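Chemist: Sharing a structure here in structure tokens format.
Where a number appears in this text, it was derived from the coordinates with a stated rule and is not lab data. Note that the structure is a prediction, hence the values are computed from the model and not measured. Cβ: placed from backbone, ideal geometry, glycine included. Neighbour counts: every protein chain shown.
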Ligand code: CUA
């Protein structure tokens, strides 16, 4: 953490780096309240201690003098805090209104919260999970909702949180919520789910990459296999990471939400239905495109379908990658 602080001058002890248009005014309000609290604590504490010493009862027969009211004093300790609290309301409300009203020219990105990963859809229709690319100095509007993976599985409440942007809003089933920001500094920043949403909650993380406009255009181009640079299995491994599979499946034999993929190909799989099936190419393909069709014994039916999200080349790559894991 210390090296992180030293590397980035806009980060402070309490708050991460400032990477959006909202960060400066948010932090100003935070530190205003922080120092107000420090002053109130120190002054209040010091006066309490001083009075306890100064006006201590010195003998059992010492009596408290009669209490009289003191109008100027009472007015002072009423008017000054009232002005401070109204001021706090005004600065908080101004930022709230600004955060609630995205500019009309904002680029819209659709955010879907699944159990347990984030999916993003860019204006060109391309989708991505985990890694979200946005252009620097461009207003971005996030249209967010929580989705369920299948009819038998209820969608739950998530919360989309980007600390470096100082934005956070709940992501709900059957309802859209909206949030916007303008990233002001290039770099990569954490995305968290800030609402406990079940087994995979802590895995529901991602990264926002703030890049120049031309790099953004490049990044959201449809994904494809570059035959000159990688094997089909390597392309599959890349897809495995980019499509968010790692949130639920390992390749080293250990268990997450879903079964491991190590040694899966050509193995016998016990299904919830009581049947046993051999994990051939058709089984692997069906498990990606229609995951509810064959549920592996002992695992929840929580995998979303990837039909329409992955193209044939990506599915071929994934299958080749799974075949390589023995
Ligand atoms: Cu989604 Cu916690």
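Chemist: Report, in degrees rounded to the nearest 10, the 0 to 90 angle that the Cα long axis of helix 312-323 makes with the longest principal axis of the chain.
Modeler: Helix 312-323 sits roughly 90 degrees off the main axis of the chain.
Chemist: Now, a different point. Using Cα pairs closer than 8 Å and at least 6 residues apart in sequence, work out the relative contact order for the chain, in percent.
Modeler: Working: 531 pairs, mean separation 49.4, N = 326.
It comes to 15 percent, rounded to a whole number.
Chemist: With the contact rule set at Cα under 8 Å and sequence spacing of 6 or more, what percent relative contact order holds for region 153-264? Can you show the working numbers first?
Modeler: Values: 132 pairs, mean separation 18.9, N = 112.
Normalised by residue count, the contact order of region 153-264 is 17 percent.
Chemist: Right, here's the next one. Please identify, among 152, 27, 290, the residue showing maximal mean-square fluctuation in a Gaussian network model of the chain using a 10 angstrom Cα cutoff.
Modeler: Sorting by GNM fluctuation, first place goes to 152.
Chemist: Full extension from residue 57 to residue 105: what is 0.36 nm times the residue separation minus their Cα-Cα distance, to one decimal in nm? Each step should come with its number before you reach the end.
Modeler: On the way: separation 48, 0.36 × 48 = 17.28 nm, distance 6.95 nm.
That pair, residue 57 and residue 105, stretches by 10.3 nm at full extension.
Chemist: Order of 28, 180, 77 from fewest to most other C-beta atoms within 10 Å?
Modeler: Numbers: 28 12, 180 24, 77 9.
Sorted ascending by nearby Cβ count, the order is 77, 28, 180.
Chemist: Still on this structure, please answer the following. Taking 8 Å as the Cα distance limit and 6 or more residues as the minimum spacing, I'd like the relative contact order of region 227-279 as a percentage. Don't skip to the answer; put the middle values down first.
Modeler: Values: 46 pairs, mean separation 9.3, N = 53.
Reported as a whole number, the value is 18 percent.
Chemist: Okay, moving on. Over the alpha carbons of region 1-141, what is the largest minus smallest coordinate on each principal axis, giving the biggest first in Å?
Modeler: Each principal axis gives a Cα extent; for region 1-141 these are 84, 37, 32 Å.
Chemist: Same structure, new question: When a/c reaches 1.5 or more, the comparison of a/b and b/c decides; with that in mind, is region 161-228 rounded, prolate or oblate per its Cα gyration tensor? If you can, show how the numbers build up before the last one.
Modeler: Values: a/c = 2.00, a/b = 1.46, b/c = 1.36.
Taking the square roots of the gyration eigenvalues as a ≥ b ≥ c, region 161-228 is prolate.
Chemist: When a/c is below 1.5 the answer is rounded, else prolate if a/b is larger than b/c, else oblate, so apply that to region 236-326 with a ≥ b ≥ c taken from the square roots of the Cα gyration tensor eigenvalues. Write down the numbers at each step before the final one.
Modeler: Numbers: a/c = 1.38, a/b = 1.28, b/c = 1.07.
Rounded.
Chemist: To continue, here is another question. Roughly how many nanometres apart are two label points built 7 Å out from the Cα toward the Cβ at residue 282 and residue 313?
Modeler: Here the modelled spin labels are 2.7 nm apart.
Chemist: Here is a follow-up. At residue 271 and residue 64, where each label point lies 7 Å from the Cα along Cα→Cβ, what is the point-to-point distance in nanometres?
Modeler: Distance between label points: 8.0 nm.
Chemist: Separate question: Say R0 is 56 Å: what FRET efficiency, to the nearest 0.05, do residue 218 and residue 47 get from their beta-carbon distance? Don't skip to the end; give the middle numbers.
Modeler: Details: r = 62 Å, r/R0 = 1.11.
Once the sixth-power term is evaluated, E becomes 0.35.
Chemist: In addition: For the chain, what is the mean residue ellipticity at 222 nm derived from helices alone (per DSSP H run of n ≥ 4: -39500 (n - 2.57); sum divided by total residues; nearest 500 deg cm²/dmol)?
Modeler: Details: 7 runs with 107 residues, N = 326.
Only helices count here, giving -11000 deg cm²/dmol.
Chemist: Still on this structure: Can you tell me how region 144-276 classifies by the Cα gyration tensor, rounded, prolate or oblate, using a/c under 1.5 as the rounded cut? Intermediate results must be reported in sequence, preceding the final value.
Modeler: On the way: a/c = 2.33, a/b = 1.24, b/c = 1.88.
Oblate, since a/c reaches 1.5 and b/c is not below a/b.
Chemist: If you don't mind, there's one more thing I want to ask. Counting other C-beta atoms within 10 Å, which of 36, 172 has the fewest, and how do the rest follow? Before the final figure, lay out the partial values.
Modeler: Working: 36 13, 172 18.
Listed from fewest to most nearby Cβ atoms, that is 36, 172.
Chemist: Next up: Counting other beta carbons within 10 Å of each Cβ, put 217, 119 in order, fewest first. Intermediate values should be presented prior to the final figure.
Modeler: On the way: 217 13, 119 20.
Going from sparsest to densest Cβ surroundings: 217, 119.
Chemist: Still on this structure, please answer the following. What FRET efficiency comes out for the pair residue 297/residue 186, r = Cβ-Cβ distance, R0 = 45 Å, nearest 0.05?
Modeler: Details: r = 47 Å, r/R0 = 1.05.
According to the calculation, E is roughly 0.40.
Chemist: Full extension from residue 84 to residue 205: what is 0.36 nm times the residue separation minus their Cα-Cα distance, to one decimal in nm?
Modeler: On the way: separation 121, 0.36 × 121 = 43.56 nm, distance 3.81 nm.
Gain on extension, residue 84 to residue 205, equals 39.8 nm.
Chemist: Once label points are set 7 Å from the Cα along Cα→Cβ at both residue 143 and residue 98, what is their separation, rounded to one decimal in nm?
Modeler: Spacing of the two 7 Å Cα→Cβ label points: 2.6 nm.
Chemist: Would you compute the Debye intensity of the chain from its alpha-carbon atoms alone, equal scatterers and no solvent, and pass along log10 I(q)/I(0) at q = 0.07, 0.12, 0.13, 0.15 Å⁻¹ to two decimals?
Modeler: Log10 I(q)/I(0), no solvent term: -0.44, -0.93, -1.04, -1.27.
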